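What follows is a single structure, written as structure tokens, with notes after it.
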Amino acid sequence: MRITFEMVTTKRTVCWIDPGTGKKRQKTRRFEQTVNPFNRDALGRPKDRRAICAEVNREADLWKLQAENDIRNGVYPTA
């Protein structure tokens, strides 16, 4: 018997202008978790969909913010 768990996903995109070529570049990353009884919080309780959505969005926003800060500092992601 195969059980398929519901996937919670979100995407974030970072855009910048390549300093070497002057072209617009972008990097998109997908963040995901599944809603399943094995996905538990710090207290050992199973996470519900709302908690997983909040966690996935927090992780995605953190990645986007870090990538934008790196771009401002001259460290460009590999697209």
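Readers should treat all values here as calculations from the given coordinates under stated rules, not as data from a laboratory. Keep in mind that what you see is a predicted model, and the values were worked out from it rather than measured. A quick note on method: Cβ atoms are made from the backbone with ideal geometry, for glycine too, and the neighbour counts reach across all protein chains shown.
Numbers for the structure displayed
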| quantity | calculated |
| --- | --- |
| Relative contact order (%) - the chain, alpha-carbon pairs under 8 angstrom, separation at least six | 31 percent |
| Charge dipole magnitude, Cβ of K and R +1, D and E -1 - the chain, Cα centre, debye nearest 20 | 200 debye |
| Note, ³J(HN,Hα) from phi for segment 69-75, Karplus 6.51, -1.76, 1.60, rounded to Hz, x at Gly and Pro | 5, 4, 5, 4, 8, x, 9 |
| Computed lengthening from residue 59 to residue 39, 0.36 nm per intervening residue step minus Cα-Cα distance | 5.6 nm |
| Residue 28/residue 48 FRET efficiency (R0 35 Å; Cβ-Cβ; nearest 0.05) | 0.80 |
| Table column - 3J(HN,Hα) (Hz), segment 53-65, Karplus curve with 6.51, -1.76, 1.60, x for Gly and Pro | 4, 4, 5, 5, 5, 4, 4, 5, 5, 4, 4, 5, 4 |
| Hydrodynamic radius (Kirkwood) for the chain, which is based on Cα pairs only, to one decimal in Å | 14.6 Å |
| Nonlocal amide H pairs with residue 34, under 5 Å, H built at 1.01 Å | 8 |
| Residue order, fewest to most surrounding Cβ atoms within 10 angstrom, among 17, 71 | 17, 71 |
| Those trypsin sites (Lys or Arg not before Pro) in segment 17-49 that DSSP places in a loop and that have at most 11 other beta carbons within 10 Å | 23 |
